[in-house]
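The values are calculated or read from the model by the stated rules, or taken from the named source; none is laboratory data. Since the structure is predicted, the reported quantities are computational estimates derived from the model, not experimental observations. Note: ideal-geometry Cβ built from the backbone for every residue, glycine included; neighbour counts use all protein chains shown. In case anyone asks, the SASA skips ligands and DNA or RNA and just uses the protein heavy atoms, side chains included. Shrake-Rupley method; radii C 1.70, N 1.55, O 1.52, S 1.80 Å.
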Amino acid sequence: MKKLGCLVPLVIPVVILFMLVVGVIIAVTGSNGTTGSGSSGEVEGEYTFNAMNQAVERYRIYFEKYANENGIGEYVDILMAMTMQETGGRLADVMQSSESLGLPVNTITDPEESIKQGVSYFANVLEQADGKIKLALQAYNMGNGFIDYAKKHNNGEYSRALAFEFGEVMASRLGWSNYGDENYVDHVMRFLDKKEAVVSGNGQWSLPLKNIRINSEFGPRRHPVTGELNKFHGGLDFGCTPADSIMSVANGEVVEAVHSNIGYGNYVTVKHGSNEYSRYAHMSSISVSNGDVVNQGETLGKCGTTGTSTGTHLHLEHITQLGQPHNEKSNPRNILGLEAK
Ligand SMILES: [Zn+2]
């Protein structure tokens, strides 16, 4: 859980007052709240050492949306790892971002609102940290006073020792037994190790983009927009930018080049054999027409976010028959030769 940082000096007195009130409540009820001391110990045993779980994964579309809005689109995985550390996706204030607004802990009741605020706050500290990711992460937890402290005492660099030192300084200044999570960077990073993107493929199909970053896996999931449970995701999602060209994964013939603003948005389907098709969805523009013969690697159009999508990505499908239901499609990872996660 994030501890109170010194975001805005004016906020502190209000926050301290609140802490006192909460302290009394904790003393009375005997429960260990989310404020005060011991949060890192509390978090420690709580999560399994897995990659992003569905509780956080289901919000990916919001992370993409607000990361892009704040110009930090490449930090989606880090933001999601932070959320794993903050709440594991199990509280409405998923990023524990109410404190960055100077509000008491857990006062944001809408996950999208929490992500919107958390991402914006992170973009802010990242900028103050001159793009240094570890420094920014620790500041997300301890407040941006940590950045000033690092600039003053450690040439603007993060170190764990510095986080401990700053924690002690702040704890003694505020009269708390503990301030923040001094191991926050490591705690977040452990969720990232497992989420490293697969880069190279050696399958029958070539890769549809120059840089491969998988955003969402093929298979059952909770639909990020409708919230519907067990909606089957019939393709593999790749992160990309509107400047990225989408390339045909194999030789074939374009059998669908559809302009639409619902569902797949603008999409292209290429037939590679009697029982093999690739489909590319949410494109911003299409540069081929129905009936075109295309070569492997040939550009089909550009990445986009048309149709049911809130962030620029490529949704790629491996279909064996046109019109087949999502759950009968194949996982594109196999034919692309990308290792299963
Ligand atoms: Zn998709």
message = Given the condition modelled with pLDDT of 90 or more, farther than 30 Å from residue 284 by Cα, away from the ligand (no atom under 16 Å from the Cβ) and assigned to a loop (DSSP other than H, G, I, E, B), answer yes or no: does some residue in the stretch 183-204 qualify?
response = yes
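Residue by residue, here is whether (1) touching a Phe, Trp or Tyr at 6+ places or on another chain (Cβ under 6 Å); (2) surrounded by fewer than 18 Cβ atoms within 10 Å (Cβ to Cβ) holds:
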position: 269; (1), (2): yes, no
position: 277; (1), (2): no, no
position: 283; (1), (2): no, no
position: 292; (1), (2): no, yes
position: 309; (1), (2): no, no
position: 333; (1), (2): no, no
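With the structure loaded, tell me whether residue 298 is more than 30 Å from residue 65 (Cβ to Cβ) and open to solvent by 60 Å² or more (accessible area, probe 1.4 Å) or whether it fails that test. It would help to see each step written out before you state the result.
Details: more than 30 Å from residue 65 (Cβ to Cβ): yes; open to solvent by 60 Å² or more (accessible area, probe 1.4 Å): yes.
When the stated conditions are applied, residue 298 passes them.
Suppose the filter is away from the ligand (no atom under 15 Å from the Cβ), in contact (Cβ under 8 Å) with a residue 60 or more places away in the chain and open to solvent by less than 20 Å² (accessible area, probe 1.4 Å); does residue 255 pass it?
Working: away from the ligand (no atom under 15 Å from the Cβ): yes; in contact (Cβ under 8 Å) with a residue 60 or more places away in the chain: yes; open to solvent by less than 20 Å² (accessible area, probe 1.4 Å): no.
Judged against the criteria, residue 255 is not a match.
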message = Take residue 317 and tell me if it is acidic (Asp, Glu), within 19 Å of residue 204 (Cβ to Cβ) and either more than 13 Å from the ligand (Cβ to nearest atom) or open to solvent by 40 Å² or more (accessible area, probe 1.4 Å) (or both).
response = no
Of 138, 96, the only residue that is among the polar types (S, T, N, Q), part of a helix (DSSP H, G or I) and within 23 Å of residue 191 (Cα to Cα) is 138
Within the stretch 277-294, is there a residue that is closer than 25 Å to residue 334 by Cα, more than 16 Å from the ligand (Cβ to nearest atom), free of Cβ contacts under 8 Å to residues at least 60 places away in the same chain and assigned to a loop (DSSP other than H, G, I, E, B)? no
Test residue 329 against the stated conditions and say whether it is among the basic types (Lys, Arg), in the same structural domain as residue 242 (by TED's automatic domain parsing), within 13 Å of the ligand (Cβ to nearest atom) and touching a residue at least 24 places away in the same chain (Cβ under 8 Å).
yes
- Query: Is at least one residue of the stretch 70-85 assigned to a helix (DSSP H, G or I), surrounded by fewer than 18 Cβ atoms within 10 Å (Cβ to Cβ) and at pLDDT 90 or above?
  - Reply: no
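Please specify each residue of the stretch 88-103 satisfying the condition of being surrounded by fewer than 22 Cβ atoms within 10 Å (Cβ to Cβ) and touching a residue at least 40 places away in the same chain (Cβ under 8 Å).
Applying the first criterion (surrounded by fewer than 22 Cβ atoms within 10 Å (Cβ to Cβ)) to the stretch 88-103 yields 88-92, 98, 101-103.
Matches in the stretch 88-103: 88, 102.
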